[in-house]
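Here's the structure we're looking at; comments come further down.
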Amino acid sequence: MTMSPAEYHRDPCDGISLSVSIAQKIIMEAPIKAWMAHPKLGNQGKPPTRDMQFGTVCHHKFSGVAERIAVIDAEDYKAQAARESRDAALANNQTPILAREIPEAEAIAKKARQACMDAGLALAGKWEQVVVWDDDGTICRAMMDHLDLNTPYILDLKTTGDANPDNLGRAIVGKGYDIQAAAYISAAEKLRPDMIGKIPFYFLFIETEYPHLNSIVQATESIIQLGASRWCRAREIWNRCLAADNWPGYPKGIQKVYPPPWALQHEMEHGSEITAI
């Protein structure tokens, strides 16, 4: 099904559904943060920032759904008329953007499409598709940038400040994108059960600053396994919290902290080096 991002984020499902962004908060923050952000629970989600709105417009341009964009003919939002136009756009389930920002968004979308062509991704599937599915008893929802069920594959666009492929493994895990990949694959496999274990997930990272360098990376088996484990754990915690109407925060008492493995490895590799004074 298709709908605007605003409609999707209000949770169009009957009952209360679990999205990837809520699952990420459960795993990477705390269940209470998920409760606060969910539109049918705490409903205290933060409004999108200008950067987030710009990223959404880039997605729309990339996807070719210009009707979801509202161009505000103003230099900024200081004037009351500009603010009223912005608010009217939001009320109409559109993403507002200043007219002077449109050329940059179009340049990013053009670069992203060219990157897909260069990589042999035909972009012949459906854009910004909303999928609702039952994942082992949990009603889940997702909005996919590009879903091709014939080839098949899933493509997700990420606007970023760093698209260097050497840095993307840590970024994918650190931001919970592995959870997204696993969840989306689970949804696609419900639609194509004959392709279980055979649907690749691609991230297209593109930098918002000129010259808009970009990288297309495939979620490897280890990334998907990690994401699937965290997605499963998120569903289990979600179901327990929802049933008990109890959404805990961080652990109580004194906690121990440890350095990440990469920091220890770095010190082992460079700790013996002596810097001349």
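Where a number appears in this text, it was derived from the coordinates with a stated rule and is not lab data. Keep in mind it's a predicted model, so treat the numbers as computed, not measured. Cβ sites come from the backbone with ideal geometry, for glycine too, and all protein chains shown count toward neighbours.
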Taking r as the C-beta separation of Ser229 and Met1 and R0 as 30 Å, the FRET efficiency to the nearest 0.05 is 0.55
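Can you give the relative contact order of the range 196-270 as a percent, counting alpha carbon pairs under 8 Å and 6+ residues apart?
Values: 26 pairs, mean separation 12.2, N = 75.
Taking the mean separation of contacting Cα pairs over the length of the range 196-270, I get 16 percent.
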What is the range 9-60 by shape, rounded, prolate or oblate, if you read a ≥ b ≥ c off the alpha carbon gyration tensor as root eigenvalues and call it rounded for a/c under 1.5, prolate for a/b larger than b/c, and oblate otherwise?
prolate
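Using Cα-Cα distances under 8 Å and only pairs 6 or more residues apart, what relative contact order does the chain have, in percent?
After rounding, I find 20 percent.
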With labels modelled as points extended 7 Å from the Cα through the Cβ direction, what inter-label distance (nm, one decimal) is found for Leu123 paired with Lys252?
5.3
Length gained, Leu213-Trp262, 0.36 nm per residue minus C-alpha separation, equals 15.0 nm
Restricting things to alpha carbons, tell me how big the chain is in terms of Rg and Dmax, in Å.
20.5, 68
Residues Glu29 and Asn93, FRET efficiency given R0 of 30 Å [Cβ-Cβ distance, rounded to 0.05]:
0.65
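Please go through the residue pairs Lys158/Lys198; Lys33/Lys175; Lys25/Lys175; Lys46/Lys175 and name each one whose alpha carbons sit more than 20 Å apart in this structure. Walk me through the intermediate numbers first.
Numbers: Lys158/Lys198 23 Å; Lys33/Lys175 15 Å; Lys25/Lys175 10 Å; Lys46/Lys175 18 Å.
In this structure, Lys158/Lys198 lie more than 20 Å apart at Cα.
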Put +1 on the Cβ of each Lys and Arg and -1 on the Cβ of each Asp and Glu in the chain; which of Leu242, Ala228, Gly197 then has its Cα farthest toward the positive end of the dipole?
Leu242
For the pair Ile139/Lys40, report the inter-label distance in nm, with labels modelled 7 Å from Cα in the Cβ direction.
0.4
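If R0 is 22 Å, what FRET efficiency do you get for Glu84 and Met52 from their C-beta distance, rounded to 0.05?
Values: r = 21 Å, r/R0 = 0.95.
So, using R0 = 22 Å, E works out to roughly 0.60.
When a footprinting reagent is the concern and you count Cβ atoms within 10 Å, what order do Asp14, Asp148 take, fewest first? List each step's numbers first, then the result.
Numbers: Asp14 8, Asp148 18.
If I rank by nearby Cβ atoms, fewest first, I get Asp14, Asp148.
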Note the full-extension length gain between Asp166 and Arg10 as 0.36 nm times their separation in residues minus their Cα-Cα distance, in nm to one decimal.
52.6 nm
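Between Asp73 and Asn150, what length in nm is gained on full extension when 0.36 nm per residue of separation is reduced by their alpha carbon distance? All intermediate terms of the calculation are to be shown ahead of the outcome.
Working: separation 77, 0.36 × 77 = 27.72 nm, distance 4.06 nm.
Result: 23.7 nm gained on full extension.
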Would you mind computing, in nm to one decimal, how far apart the modelled labels at Glu269 and Ala244 are, each placed 7 Å from Cα along Cα→Cβ?
4.2
Given the DSSP H assignment, sum -39500 (n - 2.57) over each helix run of at least 4 residues in the chain and divide by its residue total; what's the result at 222 nm in deg cm²/dmol, nearest 500?
-14000 deg cm²/dmol
